[in-house]
Amino acid sequence: MTEQGQKFQQGSVREVLHLSWPIVVSMLSYTAMGVTDTLFVGWIGKSELGAVGLATIAIFLVNAFFLGVLNGVKVVSAQATGADRPGRARRSGWQGVLLSIPFGMAVIALGALADPIFELLGGTAGVRDFASEYFRVRVYCAPFWYITMALCNALQGRGDTRTPMIVNLVVNGLNIVLDALLIFGLGPFPEMGVAGAALASVIACAVGMILILVLYIGRNGIDLSPERELIAPILRLGLPIGVRFFLDVASWTLFTAFLSWMGEDELAANQIAINIIKLSFLPGYAISEAACILTGRYKGARDRVLVRRSFSAALKVAVGVMATFGFLFWITPDLFLKCFQSDPAVLGIGRQLLFVAAFFQIFDAVAMVAVGALNGVGDTRYTMFASIFASWIVLVPLTYVLGVVAGLGALGAWLALTVEIMVLAVILTRRFRGDRW
């Protein structure tokens with residue numbers, strides 16, 4: 001068994017915390033990068049702020065499927081580690097690299113479709129122009145990002161969450177520095193505005209890829225020979241995750257499009273609120289990833305008791321963390337909101353959204369941990385179908401009804417989001433508590 005399994009009681013809260021804290025640090029550094037992007041761009045203007053929010057959604061939409069498929073590397077690596085097959089776990093990372101190259105090229109090709117993409121997403125002409133400018137540059141991140149994710153997923157599946165943390169800290173820290181230099185044109189650098197924010201991400205992702213390659217090769221050597229017996233399970237487990245990621249982001253894209261049609265104030269408030277709730281969402285997501293690693297490991301070891309114990313431990317940690325943030329969102333919304341904007345209209349909408357976010361934190365914690373645990377045991381098709389139902393049968397139509405038809409605007413959209421999260425939490429928890437997985 002792994003070092004973590006020997007050092008801590010298996011499936012315990014301590015083991016979850018030991019695995020998840022580096023992921024939490026990684027996610028918080030990512031949040032700091034996103035907050036810095038939003039702050040810097042927000043200082044340029046409201047249209048630029050809304051544009052980057054819209055473009056970021058589009059970026060995640062075109063990357064979501066491929067990133068989801070590469071999560072199959074993590075599941076294969078975790079299950080191989082539990083089955084005491086370290087060579088298989090190591091090689092899974094290189095198979096992910098082989099998949100990453102064509103995946104990345106496909107995304108770069110989509111840069112030519114920037115204008116029609118943002119015509120569909122809506123917004124004012126100014127917002128669409130800035131969003132297209134950002135998108136055309138940012139797509140070049142894809143191959144660097146995918147290779148980094150494939151190797152990080154392989155390491156996390158083996159229980160090494162610290163190396164990916166180091167890589168993420170370097171990438172996100174560099175991105176923040178480059179943002180300041182390229183957005184505002186400090187020193188010898190040209191002032192590039194929103195395009196500078198996108199270029200900063202591309203350079204940082206390239207550096208991150210080089211760093212993870214050096215670290216992975218130093219510890220594991222290079223093995224780029226295609227292995228069907230590894231690529232097949234990566235695709236079998238990863239394809240449903242990829243479909244789920246894509247359709248989740250697609251539903252969120254439509255959600256954001258509804259908000260863009262409601263006006264720049266609604267869109268800007270939504271973008272700010274999203275960046276704020278990342279403070280709770282990303283640690284929750286990190287704990288979900290720890291649940292995936294542990295349930296995958298103990299599924300590989302064929303120990304059902306430890307699979308369930310890991311789920312319960314992760315659930316306790318996630319609920320505790322996210323409920324705490326929910327309380328802060330409820331009692332001090334302006335403490336967060338005024339870091340981004342002083343516009344009274346945007347602040348008023350933002351307060352409403354944070355009040356709603358405070359309510360759904362616990363349900364979100366439950367849903368995320370259940371997704372991670374089910375993915376770890378290989379039940380990725382069920383999480384795919386459950387997410388499709390929650391996103392497209394609940395979120396999208398209810399957002400239209402409450403936000404547009406009922407005239408509640410962003411508040412109505414976020415009430416619909418709350419219902420979606422609650423439905424997903426119930427469906428997935430019932431699945432894991434049963435035996436069908």
Most positive-pole-ward Cα, CYS292, ASN270, PRO333, against dipole of the range 3-433 from beta carbon charges: CYS292
Choice from VAL127, VAL139, VAL305 showing the highest fluctuation, given a GNM over the chain with Cα pairs closer than 10 Å: VAL305
FRET E, pair PHE389, THR324, Förster distance 41 Å, beta-carbon r, rounded to 0.05: 0.85
Segment ARG219-GLN9, length gained on full extension (0.36 nm per residue, minus Cα span): 72.9 nm
FRET efficiency, CYS339 to ARG302 (Cβ-Cβ, R0 35 Å, nearest 0.05): 0.10
Highest average packing first - 52-59, 40-47, 349-356, Cβ atoms within 10 Å: 52-59, 349-356, 40-47
Nearest 10 degrees, 0 to 90: helix 409-433 Cα axis against the chain principal axis: 10 degrees
Relative packing of peptides 375-382, 66-73, 246-253 - highest average C-beta neighbours within 10 Å first: 66-73, 375-382, 246-253
Between the range 292-308 and the range 129-205, the alpha-carbon center distance in angstrom: 34 Å
Unit charges at the beta carbon, dipole of the range 3-433: most positive-side option, VAL127, ALA109, VAL321: VAL321
Label point distance in nm, VAL177-LYS316, each placed 7 Å from Cα along Cα→Cβ: 4.1 nm
Hz values of 3J(HN,Hα) by residue in the range 159-168 - Karplus curve (6.51, -1.76, 1.60), Gly and Pro given as x: x, 8, 9, 7, 4, x, 4, 4, 4, 5
On Cα atoms only, tilt of 86-109 relative to the major axis of the chain in degrees: 30 degrees
222 nm mean residue ellipticity, helices alone, for the chain (DSSP H n ≥ 4; -39,500 (n - 2.57); rounded to 500): -29000 deg cm²/dmol
Förster radius 51 Å - calculated FRET efficiency between LEU17 and PHE184, Cβ distance, rounded to 0.05: 0.85
Unmatched cysteines, the chain - criterion: no other Cβ of a Cys under 4.7 angstrom: CYS152, CYS292, CYS339
Listed values [x] 47, 36, 18; [y] 80, 26, 16; [z] 33, 26, 20, entry calculated as semi-axes √(5λ) of the Cα gyration tensor in Å: [z]
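All of the numbers you see were taken from the coordinates with simple rules; none came from a lab. All values derive from a computational prediction rather than experimental measurement. Neighbour counts are summed over all protein chains in view; Cβ atoms, including those assigned to glycine, are modelled from backbone coordinates with ideal geometry.
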